[in-house]
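Reading through the structure tokens given below for one structure.
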Amino acid sequence: MPSICILSLDEIQKSAKEFLKLIGTHKIIAFNGQMATGKTTFIKALCTQLGVQESTTSPTFALVNEYETAQNEIIYHFDLYRIEQLEELLDIGFEDYVYSNNFCFIEWAEIARPLLPDDTLWVTLSIDENRQRKLEF
């Protein structure tokens, strides 16, 4: 199982660039991990590496944020923390997003597992006692 260690916030852009090289053609990426492990922060770094120039924020209340890269590509960023039932995802057209061939970065993705394609890349973020993060995928 590949992994990336993020020793400090100063290294997050380098880690995001390395991650993008390692994931191949995966476009649907599901992020899981405890609260405050850095899921949103890492997704922000991925967006920067992919050429998003606008400010990126957590979609906790909106459920999904849409970003555009300098190359006019679309990135969807989901935060499913507040989702309680699969039907809520169906109501927002979740499947249209994940089958759009655009990057979809999904936080708290476990609830959406039945709707995700088989080639979804599952990433687990963890943090150790020294506050260093680890991504395993």
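The values are calculated or read from the model by the stated rules, or taken from the named source; none is laboratory data. Note that this is a predicted model, so its numbers are computed, not measured. Every residue, glycine among them, receives a Cβ derived from its backbone with ideal geometry; neighbour counts consider all protein chains shown.
Quick check: anything in segment 12-21 in contact (Cβ under 8 Å) with a residue 40 or more places away in the chain and surrounded by fewer than 15 Cβ atoms within 10 Å (Cβ to Cβ)?
So far as segment 12-21 goes, no, none of its residues is in contact (Cβ under 8 Å) with a residue 40 or more places away in the chain and surrounded by fewer than 15 Cβ atoms within 10 Å (Cβ to Cβ).
Among the numbered criteria (1) more than 24 Å from T25 (Cβ to Cβ); (2) modelled with pLDDT of 95 or more; (3) of a type in the set (A, V, I, L, M, F, W, C), which single criterion is violated by V98?
Of the numbered conditions (1) more than 24 Å from T25 (Cβ to Cβ); (2) modelled with pLDDT of 95 or more; (3) of a type in the set (A, V, I, L, M, F, W, C), the odd one out for V98 is (1).
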